[in-house]
Structure formats: C-alpha cells, structure tokens
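Notes follow the structure.
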Amino acid sequence: MSSVMQAQSVIERLGSAVGTKGLITDPREVEPYVVDWRRFYRGATPAVVRPASTAEVAAVIEICAETGTPVVPQGGNTGMCGGATPSANGKEIVLALGRMNRILETDALNNTITVEAGCILANIQQAAAVADRFFPLSLGAEGSCQIGGNLATNAGGINVLRYGNTRDLALGLEVVLPDGRVLNGLKGLRKDNTGYDLKDLFIGSEGTLGVITGAVLKLFPRPRATLTAMMGIADPAAAVQLLARLRGACGDRISAFEIIARLCLDIVLKHIPGTREPLREVHPWHVLIELADTADTESLRADFERAVGQAVEDGLVRDAVIAENIAQSQGLWKLRETIPEASRDEGLVYRHDISIPVSRIPEFIAAAGAALEKAFPGVRIFPFGHLGDGNLHYNCFVPGRNRDDAAARDSSDVNRVVLDIVRTYAGSFSAEHGIGQAKRGELAHYKSAMELDAMRALKRTFDPKGIMNPGKVLPDGRSDAVTR
C-alpha cells in the first residue's frame, strides 16, 4: 500500500472513531489549527480530529499508536511557544479537545470541580461562581484557552502569588496514554500518599507524554471584597519594597502584584481602543495590585490605604488610584492584559518569560538593560509581569528588525544576552509559558545533561514510539536557539 493510500486509510479509521462531526479535512477549516496565536509558526496536517469523549480520544490514540501516526494535542491554541502547532511535514494529525467541554461535577463542600479538558477557562470560573466558589486561575486568554492546555503548560497567570500555578490547583487527572490506555486519576483528595504522584508528570509536559482529558481542580471560598489599585513608582526597587510592605500589612489578601514599565502603557494606549492614562501624571513604572478577602470591603480598604499612605510619605509611591467599581477595575486590568496583543501590533517582539528571585529583580533589570543596549543600540525594552512571584515578561524591540525578515526572527542573539544574565541571577528561562518548539534550544543550552537524560528517559518510557507531539519540549541534541 502506498504512503498516500495508507494515510487515507488512517484518516478513514479516525473518522469512524469520532464521527463526521469530529473530523476536519477541508484546508479552509483546518487553517486555524495549524497557525499559532503569535503567527510565528505555521504547520500542516492531513486532518484535525475532534473527539467528544475520553473513549473517542483513546480510540484515536490507539489507531495512531498502531499506525505510527504522530499526534499534536491542541486546546485553545493560545500558547506562546508553538507547542500546539504541527510541523510543516504534513504527517501529524491535530487532536483538538474543544468538543470535550463539559463541567462534570461541582462539589462545593469538598471545594472541587471536575471538568473535561476542553472546557474554556472562563466557563470554569463561572461554574465555580454559580456554586458560590472561586477558581483562581486567571490570564489574558481565559475567554478562549482551555483547561487541558493550561494543565499541559502549567499556566501561571495573575493569581500565582496567592494560589499557585495550575499544578497547585490540580488534585487529579484523567490521561490517555500513548498506547490508548486511560489513566483514570479523577480524585478530589488533598492527601493520597500511595506511591508516585503520576499527575505531576503530565502537568507541564505539553502533550509529549499523553493527552489530558479531564481534571479535578481546587476551588476556594468566593471573595466578598476585592480592591484593585494602580500606582506610579520610580523604579523596580520601589516595587519590591512596596510588595514587602503591603504583604506585611495585608497578608495573603494580596492576590496579584504586577509591575508595568512605561513603554508597556505607551504601546497599549497606542494600539488598544478604549484605554486611557491611569494616573494624572506620567510615571516611569507602575504597579497594579489586587486584593481579595472573604470579609467586608471597609476593613480591606482601610488596611490597604493605611499601608499605601505610609508608602507615599516614605517616597515609595508617587501617585495612586483605587478602582471604585467593577468597570474601573476592568479598565485598569485591561491596561495590563492587553500588553501582549499591543506589542504584537507594534512590531517584531523578542519575548522572554523568565523568573528571578523577587529580591534580585531590580538588579536583573538593570544588568539586562545595559547588556542589551550595548549589544543592540537603541533597543526598546518593556518588562512587565507578576513581580509578586518573580515572573517577569522581559520583552524588547530591536531597531531595524521586522516580522517579515526571516533572519530577524531568529532570536538566538537576543536570547543569549538576556538568558545568560538570567542564569547569573539563578533564574529560569521559562516561568509559565512552557518550552514548545520555541525554547528547545534554550533547554539544551541551560539544562544539565543529567536533567535532559532523565527527561528523555521519561519520554521513552511513556511514549516509546515517539508519536506524542514530536519536536516539542525535548531538544534533538542541537544547542543552538531555535527560530521564533
């Protein structure tokens, strides 16, 4: 049988497994599934398979394992590293989980919610609210990203400071293994000390070890009082000192503490309709803070205003505004959450999703800025991100480089300058966006040989045929950074 006939036979079998509603082969309908959100990666696929149940996922993977057909699991396709985009060889099928979008159970007394992997994050938040509970994972793409993708990349978001990453919010997983068997671990237990914690192997594995099809997630008491504020400050050192002071005054009621460089606001105001300057004067740096409590608003605001008032007297804060209603709060958050979109409209962005010990972030920003300016005179740098947990999105525009220039899109020279300094400060080159195909070169360069050997051993154990999301996460031996 020719390779073409064999491929047609595989697609026919996949179509039988998922039905006519679950198979897409028309190139026009396939298009959104083969291009990543950033429009940096374009692949090809003979078919997009959209199962409606775990049994259908298992049937699909079993067929792929038998025939050696590579599989690229895909959620909402909102990733930043090309981890859900197929390669250009046209041999990989895309396994899209969007039809598996049911809330299976909400257990308010156990503070858990059980969901299918294709559930939109915002819908999970809403289901929790209906049960008078709170699901804290929150990020800019929450209206379109899916929880399976969030788990596969161990997404962070704005509330990590108080609630942790997605890994910290997952109690149990259901996973289809690369041979089609189903690992059913949908347990809502806080304590289960019965051997290896297998779920943690799949969280953050980006679909290279199996397909996450369901999850049991933690819920929390729904906040009764929230407070959102933005402040103008002089520099990152003031932000770090302010964070320490507010944590002392307000404790774990601080759920988000974001730092925003001036250039970030400039490009948002330029490209995002309906945004406006948040404070009366222009400041070189801003912090965006959110507090939440199950108690009353008055005590929360009183504690916050007392701490901020002292910070103003001490020169840490130059100006501040507190949102007086939901619309104003959403307006302040829009300034933060649309930075990635606005920067994409501004030009070719070199993005770095890094983490640094909080206390050393001011030193890092100064050192990296000096090094980039020396290497690329006129560079425009716009850091922003989750200062509270040490996760900084350290991004820049390099003069003369644009998206249409293939050579300029090779980010290895910029990456090496920034990431060598990250390593100097005992940081990580990937804090919350994962590896995908964008950072395989960095993984090869900055991970130790022992760590890489252990990761490859896990891959061989779970996926001996190498069909699960090939070309993602694990480097192929080259130490050069890949094109972004």
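The values are calculated or read from the model by the stated rules, or taken from the named source; none is laboratory data. Here the structure is a predicted model, which means the values were calculated and not measured. We place every Cβ from the backbone using ideal geometry, glycine too, and count neighbours over all the protein chains shown.
Counting only residues that are buried (at least 22 other Cβ atoms within 10 Å of the Cβ), under 20 Å from the mean Cα position of the chain (by Cα) and part of a loop (DSSP other than H, G, I, E, B), how many does region 158-202 have? Summing the residues that are buried (at least 22 other Cβ atoms within 10 Å of the Cβ), under 20 Å from the mean Cα position of the chain (by Cα) and part of a loop (DSSP other than H, G, I, E, B) in region 158-202 gives 3.
Quick check: anything in region 437-450 touching a strand residue (DSSP E or B) at 6+ places or on another chain (Cβ under 6 Å), surrounded by 19 or more Cβ atoms within 10 Å (Cβ to Cβ), among the small types (Gly, Ala, Ser) and not assigned by TED's automatic domain parsing to the domain that holds Gln241? No: region 437-450 contains no residue that is touching a strand residue (DSSP E or B) at 6+ places or on another chain (Cβ under 6 Å), surrounded by 19 or more Cβ atoms within 10 Å (Cβ to Cβ), among the small types (Gly, Ala, Ser) and not assigned by TED's automatic domain parsing to the domain that holds Gln241. State which residue is surrounded by the most Cβ atoms within 10 Å (Cβ to Cβ) when the search covers only region 8-45 and only residues that are under 20 Å from Ser87 (Cα atoms) and among the charged types (D, E, K, R). If we take residues in region 8-45 being under 20 Å from Ser87 (Cα atoms) and among the charged types (D, E, K, R), then Asp36 is surrounded by the most Cβ atoms within 10 Å (Cβ to Cβ). Scan region 221-243 and tell me whether some residue there is under 30 Å from Ala65 (Cβ atoms) and not aromatic (Phe, Trp, Tyr). Looking for residues that are under 30 Å from Ala65 (Cβ atoms) and not aromatic (Phe, Trp, Tyr), one finds none in region 221-243, hence no. Among the residues of region 54-85, the one identified as touching a Gly at 6+ places or on another chain (Cβ under 6 Å), of a type in the set (A, V, I, L, M) and under 19 Å from Val473 (Cβ atoms) is Ile61. From the list Val473, Val417, the one residue that fits, being outside the structural domain of Pro357 (by TED's automatic domain parsing) and either over 25 Å from Val211 (Cα atoms) or not in a strand (DSSP E or B) (or both), is Val473.
Quick grid of which residues meet (1) free of Cβ contacts under 8 Å to residues at least 12 places away in the same chain; (2) hydrophobic (A, V, I, L, M, F, W, C):
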| position | (1), (2) |
| --- | --- |
| Arg247 | yes, no |
| Gly251 | yes, no |
| Ala256 | no, yes |
| Leu265 | no, yes |
| His271 | no, no |
| His283 | no, no |
| Glu290 | no, no |
| Thr297 | no, no |
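Residue by residue, here is whether (1) in the same structural domain as Ile381 (by TED's automatic domain parsing); (2) under 21 Å from Gly157 (Cα atoms); (3) β-branched (Val, Ile, Thr) holds:
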{"site": "Arg245", "(1), (2), (3)": "no, no, no"}
{"site": "Lys270", "(1), (2), (3)": "no, no, no"}
{"site": "Pro278", "(1), (2), (3)": "no, no, no"}
{"site": "Val287", "(1), (2), (3)": "no, yes, yes"}
{"site": "Glu290", "(1), (2), (3)": "no, yes, no"}
{"site": "Ala311", "(1), (2), (3)": "no, no, no"}
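Here Leu263, Leu242 are screened, and the one residue that is touching a Phe, Trp or Tyr at 6+ places or on another chain (Cβ under 6 Å), part of a helix (DSSP H, G or I) and surrounded by 15 or more Cβ atoms within 10 Å (Cβ to Cβ) is Leu263. Residue count for region 343-374, restricted to those that are in a helix (DSSP H, G or I) and at pLDDT 95 or above: 17. Looking at Glu56, Glu105, Glu92, just one residue is free of Cβ contacts under 8 Å to residues at least 60 places away in the same chain, more than 22 Å from the chain's Cα centre (by Cα) and more than 25 Å from Tyr163 (Cβ to Cβ), and that residue is Glu56. The sole residue among Ala128, Ala122 that is in a helix (DSSP H, G or I), assigned by TED's automatic domain parsing to the domain that holds Ile212, surrounded by 20 or more Cβ atoms within 10 Å (Cβ to Cβ) and not charged (D, E, K, R) is Ala128. Looking at region 131-146, which of the residues that are surrounded by fewer than 23 Cβ atoms within 10 Å (Cβ to Cβ) and polar (S, T, N, Q) is farthest from Asn165 (Cα to Cα)? Only one residue fits best here, namely Ser144.
Among the residues that make up region 100-115, is at least one of them closer than 25 Å to Asp179 by Cα, at pLDDT 95 or above and in contact with a Pro (Cβ under 7 Å, 6 or more places away or on another chain)? Among the residues of region 100-115, at least one is closer than 25 Å to Asp179 by Cα, at pLDDT 95 or above and in contact with a Pro (Cβ under 7 Å, 6 or more places away or on another chain), which makes the answer yes.
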